Amino acid sequence: MAKPPPAGATFKRQAAAACTEGTQTPQTLFQDALRLNVGNSGFALFFCGLPEDSALRKEQITRVNLTGIDGNTTSPIIARACVGFSSGTGGQCDATVMSGAASATGAFNLSIPHTTWNKSHAFDIAFIQIAVPPFQVSFSGISSVLYGN
């Protein structure tokens with residue numbers, strides 16, 4: 001008889017380098033483990049896909065944390081968890097969350113709700129959508145996403 005695996009938490013950390021930019025005109029820079037918005041006129045849009053495998057399926061994930069730095073004093077980092085339908089048409093997203101008050105700056109660790117990553121979306125593609133404000137006094141950007149149970 002096979003022995004069950006030992007109990008314990010499983011997590012995956014995805015570096016910002018694995019996230020892609022979805023902005024019409026590229027305006028990001030990867031520096032010192034941060035993907036930064038270096039544009040000064042608008043938000044940069046990043047997509048971080050969940051690296052799926054049988055060790056940590058999306059419906060088993062109990063926490064999603066986004067880390068980075070916010071250097072903009074008028075706009076926060078905005079993020080939400082989504083699924084893209086495997087049929088290729090459409091998707092669904094959870095509520096957006098922000099890194100704090102618009103005037104708050106500095107490092108952040110943002111907990112992202114991800115109720116769409118459930119068994120009814122077992123074949124759909126999970127990802128995090130992140131809007132990063134433009135360069136102001138300092139840069140804003142992301143460093144990593146932590147997925148865990």
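The values are calculated or read from the model by the stated rules, or taken from the named source; none is laboratory data. No experiment lies behind these values; they were computed from the predicted model shown. All Cβ positions, even for glycine, are placed from backbone atoms using ideal geometry, and neighbour counts span all protein chains on display. Remember, those area values only see protein heavy atoms, side chains included, never the ligands or the DNA or RNA. Shrake-Rupley method; radii C 1.70, N 1.55, O 1.52, S 1.80 Å.
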Percent of accessible area on the chain owned by carbon and sulfur, 1.4 Å probe?
58 percent
Taking Lys and Arg as +1 and Asp and Glu as -1, residues besides Asp124 with C-beta under 14 Å from its C-beta add up to 0
Roughly how many Å² is the accessible area per residue of the chain, as a whole number, for a 1.4 Å probe?
53 Å²
For an R0 of 41 angstrom, estimate the FRET efficiency from the Cβ-Cβ distance between Ser120 and Gln24 and round to the nearest 0.05.
0.80
Distance histogram for the chain (every C-alpha pair counted, 5 angstrom bins, percent rounded to whole numbers)
2, 10, 19, 21, 18, 13, 9, 5, 2, 1, 1, 0, 0
Given charges of +1 on the Cβ of Lys and Arg and -1 on the Cβ of Asp and Glu, with all other atoms neutral, how large is the dipole of the stretch 1-112 about its Cα centre, in debye to the nearest 20?
320 debye
Other-chain or far-sequence residues with amide H under 5 Å of Val38's (modelled H)
Thr28, Leu29
May I ask you to evaluate 6.51 cos²θ - 1.76 cosθ + 1.60, the Karplus curve with θ = phi - 60°, for each residue of the stretch 127-139 and list the ³J(HN,Hα) values in order in whole Hz, giving x for glycine and proline?
7, 10, 10, 10, 10, 10, x, x, 4, 10, 7, 9, 7
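Any idea what the relative contact order of the chain is, in percent, if you count C-alpha pairs under 8 Å spaced at least 6 apart? Spell out each step's value before the answer.
Working: 367 pairs, mean separation 54.5, N = 149.
Relative contact order here is 37 percent.
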Please give the contour-minus-distance gain from Gln92 to Gln31: 0.36 nm per residue of separation, less the Cα-Cα distance, rounded to one decimal in nm.
18.8 nm
Gain in length, Val137 to Ala15, computed as 0.36 nm per residue apart minus the alpha-carbon separation, to one decimal in nm?
41.4 nm
